[in-house]
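For reference, the structure is listed below as structure tokens.
The values are calculated or read from the model by the stated rules, or taken from the named source; none is laboratory data. For clarity, every value in this text was computed on a predicted model and none was experimentally measured. Because the Cβ atoms are built from the backbone with ideal geometry, glycine has one as well, and the counts that use them run over all protein chains shown. The area values use the complete protein model at the heavy-atom level, side chains included, leaving out ligands, DNA and RNA. Shrake-Rupley method; radii C 1.70, N 1.55, O 1.52, S 1.80 Å.
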Amino acid sequence: MSGPHPGSPRPGPEDRWFTRRQVTALVAVLALAAALGTAAYQAGERLAGTGGGAVVTAATGTVPDGGALYAASCAGCHGADAGGALGPALRASAAWSGADFTQAVLEGRTPDGRTLGAVMPRFAAAGLDGAPPTQAQLDALHAYLKTLP
């Protein structure tokens, strides 16, 4: 039978689950993670422009910026150079037809009929920058992917 015996001293700090130093270190790591996450989010917004740039370009009739659309909606999962990260590399999709690319982005289906993973947004429902994607935006995004090595 273990445990303190009557009359034995109270457990010291070394007998607790975590020391003050460990708790302080954990709080510091969490604060650092929050700061890095915020900085990464803000960097993504800067890469994408105003955050609403895709909607503005669609409303003004100018050609959407495929690079800004990619940075805002795709780079977080597929990597800054489309080489893959959380999501797969997108280099093969640059060779797809426009209709096949549109189907993959909007509905999550590849040209061969394979359904993309659940984490891949179905942009027909999710939208780009809060609005349904236009064909001009999808064409600009596809054209941008074709420029990557």
Scan (1) surrounded by fewer than 16 Cβ atoms within 10 Å (Cβ to Cβ); (2) at pLDDT 75 or above for the single condition V56 breaks and write down its number.
-> (2)
Taking the stated definitions as given, is P88 under 15 Å from the mean Cα position of the chain (by Cα), surrounded by 15 or more Cβ atoms within 10 Å (Cβ to Cβ) and more than 21 Å from A68 (Cβ to Cβ)?
-> yes
Unmet criterion (only one of (1) open to solvent by 30 Å² or more (accessible area, probe 1.4 Å); (2) closer than 20 Å to A40 by Cβ; (3) without any contact (Cβ under 8 Å) to a residue 40 or more places away in the chain) for C77 = (3)
Could you list, in sequence order, the residues of region 112-145 that are assigned to a strand (DSSP E or B) and of a type in the set (S, T, N, Q)?
-> T115
Which residues, counting only those in region 82-111, are part of a helix (DSSP H, G or I) and touching a helix residue (DSSP H, G or I) at 6+ places or on another chain (Cβ under 7 Å)?
-> S93, A94, G98, F101, T102, A104, V105, L106, E107
Go through the residues of region 106-114 one by one and say whether even a single one is farther than 14 Å from Y144 by Cα, touching a Phe, Trp or Tyr at 6+ places or on another chain (Cβ under 7 Å), of a type in the set (A, V, I, L, M) and modelled with pLDDT of 90 or more.
-> yes
With respect to G98, is the statement that it is of a type outside the set (A, V, I, L, M, F, W, C) and in contact with an Asp or Glu (Cβ under 8 Å, 6 or more places away or on another chain) true?
-> yes
Residue count, region 91-124 (criterion: surrounded by fewer than 16 Cβ atoms within 10 Å (Cβ to Cβ) and among the hydrophobic types (A, V, I, L, M, F, W, C)) = 7
